[in-house]
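Data block below; observations after.
Every number here is computed from the coordinates shown, using simple stated rules; none is lab data. Note that the structure is predicted; figures quoted are calculated from it, not measured. All Cβ positions, even for glycine, are placed from backbone atoms using ideal geometry, and neighbour counts span all protein chains on display.
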Amino acid sequence: MRSRLAQGVGVAMRAVEPIRLRAARFVYEAWARSRLRGRVEAGVQFIGWITVEGTGNIHIGSGTRIGRRCFLETQGEGQIVIGRNCTINDHTVITAYDEVAMGDHVMMGEFASIRDAAHGMRLDAGPMRFQPHTAAPIHIGDDVWIGRGVCVLKGARIGSGAVIGANSVVTKDIPAKTIAVGTPARPVGERTP
Ligand SMILES: CC(C)(COP(=O)(O)OP(=O)(O)OC[C@H]1O[C@@H](n2cnc3c(N)ncnc32)[C@H](O)[C@@H]1OP(=O)(O)O)[C@@H](O)C(=O)NCCC(=O)NCCS
C-alpha cells in the first residue's frame, strides 16, 4: 500500500517537474535582471541563483547560459561583457575593476575565476586589504574553452579558438587556436582539423 502511494507521489512529482523548473528559472531570471544594470539580451538563461556585487555593469548576449551560484562583480568603471551563446558553468567568479570581455561561444568549466584586479602590495602603505587595486583588462576571444578551475589574471588575453586546461593559471597572453595548460599556462599544442 505504502509503496503504491510512494509510486503515485513519484509519478505526480515527475509530471510537475518541468513546470517547477520553468517557474524556478523565471524567478532566477527576474532576480538576476533586477540586479544587472547592463544590457541582458533576450534568451539569456539563468540556471540558478547568482550573486551580483557592485555596480551591475554587466552585458550578456543572447543564448548565453549562466550556471548556479556564479558570482559577478563590477566595481567603479569596471564592466563585464559576455558574448552570445556562451556557457558559464556553476560557481564561476568574474570580477571587473576595468574590463572583462569575452566573445561568442565561450565555454567555461565550473569554479573558473576571471579577475582583472589585484590588491596593492606595497610594504609601506598599510595592510594590503586597504590598498587600492591595480587592474588591467582581460580579453577572451570567440570559441574559447576554459577548463574547470582555471584562473585568468589581470591583463591576460586569450585568443579565439584557444583551449585552457583544467586548473591552469593564465597570467599572460595565449595565442589563438592553441592548447595551453599549467601554472603559468603555456601553449603545449595547437588544435588540428
Ligand atoms: C587541456 C585538455 C583539453 C587537453 O586534452 P588532450 O588534448 O586530450 O591532451 P592530453 O591529455 O593528451 O595531454 C597533453 C599533455 O598536457 C598535459 N595536460 C593536459 N591537461 C593538463 C592540465 N589541465 N594541466 C596540466 N597539464 C595538462 C598532459 O599531462 C600531457 O602531458 P605529457 O605530454 O607530458 O604527457 C584537457 O587535458 C583538459 O584539461 N580538459 C578540461 C576538461 C574540463 O575542465 N572540462 C570542464 C567542462 S567545460
Report summary line: Of the convex hull enclosing the alpha-carbon atoms of region 117-193, the direction-averaged projected area in nm² is 5.6
Query raised in the report: What is the Cα centroid distance between region 12-65 and region 144-180, reported in whole angstrom?
Result: 27
Query raised in the report: Considering only DSSP states other than H, G, I, E and B, which chymotrypsin sites (Phe, Trp or Tyr not before Pro) in region 1-84 qualify as loop sites with at most 15 other Cβ atoms within 10 Å?
Result: TRP49
Query raised in the report: What residue among GLY149, ILE47, ALA117 has its Cα farthest toward the positive end of the dipole of region 2-190, where the charges are +1 on Lys, Arg and -1 on Asp, Glu, each on the Cβ?
Result: ILE47
Query - Per-q log10 I(q)/I(0), region 2-190, q = 0.11, 0.13, 0.16 Å⁻¹ (Debye; single scatterer per alpha-carbon; no solvent) - result: -0.54, -0.70, -0.95
Report task. Pop the C-beta distance of ASP90 and ARG25 into the FRET formula with R0 = 22 Å and round what comes out to the nearest 0.05. Result -> 0.90
Query raised in the report: Roughly how many nanometres apart are two label points built 7 Å out from the Cα toward the Cβ at ALA136 and THR55?
Result: 2.1
Query raised in the report: Suppose every K and R has +1 on its Cβ and every D and E has -1 on its Cβ; what is the size of the dipole of the chain about the Cα centre, in Debye to the nearest 20?
Result: 840
